[in-house]
Structure formats: C-alpha cells, structure tokens
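The values are calculated or read from the model by the stated rules, or taken from the named source; none is laboratory data. Since the model is a prediction, treat every value here as computed from it, not as a measurement. Each accessible area value is taken on the protein alone, full model and side chains, heavy atoms only, with ligands, DNA and RNA left out. Shrake-Rupley method; radii C 1.70, N 1.55, O 1.52, S 1.80 Å.
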Amino acid sequence: MFLRELQGKECASAGIARLKNLNRRTLDVLTSRLYFFYSLSYELTGELAEIRGNLLALHRLATLRHDELSYLTS
C-alpha cells in the first residue's frame, strides 16, 4: 500500500464522519465527491468489504434526503 492511499482513507473517513450529521443542500456536491473518494480509497487498498455496511447506510440517508448526486455515487 502506498502512503498516499492510506492518507486518502484517513481523510475520506474523517470527512464522512464530519458531514454525516449535516443536512445542508449546499453541501450535496461536496458530499457526493467525498462518498466517491471514500469508496475509491478503500477499493484501492482492498478493504472495500469493511465499509460496505456504511456505504449502504449513506446511500439510504441520501435517498431519504432526496440528494440525487449522493445516492448516484454511493
């Protein structure tokens, strides 16, 4: 694993934890990009199965909020 991938995992995980409690329509684009990089960083390190439940929960939350960008990328 590269150091860059590990830092990406940490950064994406911290961002997801911070944005999880916010429901602001202005953050929808940022949230969708963060979901993408969150899953990509875990996929590149071969640990995607670790976050599958979390991704499904994020997808469900985006669907309930009618956040089209986020539920299309998660």
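Overall, the accessible surface of the chain at a probe of 1.4 angstrom is composed of carbon and sulfur to the extent of 58 percent. Accessible area per residue for the chain, computed on protein heavy atoms with a 1.4 Å probe, is 71 Å².
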